[in-house]
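Q: What follows is a single structure, and I will ask about it in a moment.
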């Protein structure tokens, strides 16, 4: 049985969480996860370029067949929402260029899939991902644990 590899993305202009999960049968295993950090003092085009370049390397390494990204949510700050839209668009184009199947999940449905509650905190999500994936002493930024949860929700 050929495993399915899912890339999970928690997009951000300064910190983009990523995760790669492999699904064989009904068992998910972690291939890799972390955060791509873009320098805050750089112009947006350079931050987007850095995020895309790093994701290109990760896609080449883990060879996903699909990716799931967190849906944009309503933001009070229109400029922040616009910047997030640019990041999401660049990641979507990257997925398209690599012929990856695309899905997106809203934050509430990701939390529901992982914890059973759509109102769970980021810390609760991280704790549950550690349990579900058997990650001992998971010490990572919440952007990375969110990406793990997004990948999980994309698989299941």
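The values are calculated or read from the model by the stated rules, or taken from the named source; none is laboratory data. Remember, predicted model here, so these are calculated numbers, not experimental data. Neighbour counts are summed over all protein chains in view; Cβ atoms, including those assigned to glycine, are modelled from backbone coordinates with ideal geometry.
Q: Return yes when residue 85 is out of contact with any helix residue (DSSP H, G or I) (no Cβ under 8 Å at 6 or more places or on another chain), more than 18 Å from residue 18 (Cβ to Cβ) and either assigned to a helix (DSSP H, G or I) or at pLDDT below 95 (or both) and no when it is not.
A: Details: out of contact with any helix residue (DSSP H, G or I) (no Cβ under 8 Å at 6 or more places or on another chain): yes; more than 18 Å from residue 18 (Cβ to Cβ): yes; either assigned to a helix (DSSP H, G or I) or at pLDDT below 95 (or both): yes.
Taking the combined requirement at face value, the residue satisfies it.
Q: Can you tell me which residues in the range 103-112 are crowded, with 16+ Cβ neighbours inside 10 Å and in contact (Cβ under 8 Å) with a residue 12 or more places away in the chain?
A: Residues of the range 103-112 that are crowded, with 16+ Cβ neighbours inside 10 Å, as a first pass: 104-105, 107, 110-112.
Correct list: 104, 105, 107, 110, 111.
Q: Specify which of the listed residues (73, 67) is surrounded by 13 or more Cβ atoms within 10 Å (Cβ to Cβ), touching a residue at least 24 places away in the same chain (Cβ under 8 Å) and under 18 Å from residue 150 (Cβ atoms).
A: Criteria check complete, one pass: 67.
Q: Starting from the range 127-156, take each residue that is at positive phi and without any contact (Cβ under 8 Å) to a residue 60 or more places away in the chain and list its partners that are part of a helix (DSSP H, G or I) and surrounded by fewer than 24 Cβ atoms within 10 Å (Cβ to Cβ), counting only C-beta distances under 9 angstrom and pairs at least six apart or across chains.
A: Short answer, once both residue conditions are applied: 137/130.
Q: Residues of the range 1-25 being without any contact (Cβ under 8 Å) to a residue 60 or more places away in the chain, closer than 19 Å to residue 103 by Cα and not in a strand (DSSP E or B), which ones?
A: 3 - this is the single residue of the range 1-25 that is without any contact (Cβ under 8 Å) to a residue 60 or more places away in the chain, closer than 19 Å to residue 103 by Cα and not in a strand (DSSP E or B).
Q: Next up: Looking for whichever is more than 16 Å from residue 146 (Cα to Cα), in contact with a helix residue (DSSP H, G or I) (Cβ under 7 Å, 6 or more places away or on another chain) and buried (at least 18 other Cβ atoms within 10 Å of the Cβ) here; the options are 23, 31, 100, 44. Which one fits? Quick ask: steps written out before the conclusion?
A: On the way: 31 fails: more than 16 Å from residue 146 (Cα to Cα); 100 fails: in contact with a helix residue (DSSP H, G or I) (Cβ under 7 Å, 6 or more places away or on another chain); 44 fails: buried (at least 18 other Cβ atoms within 10 Å of the Cβ).
Residue meeting the stated conditions: 23.
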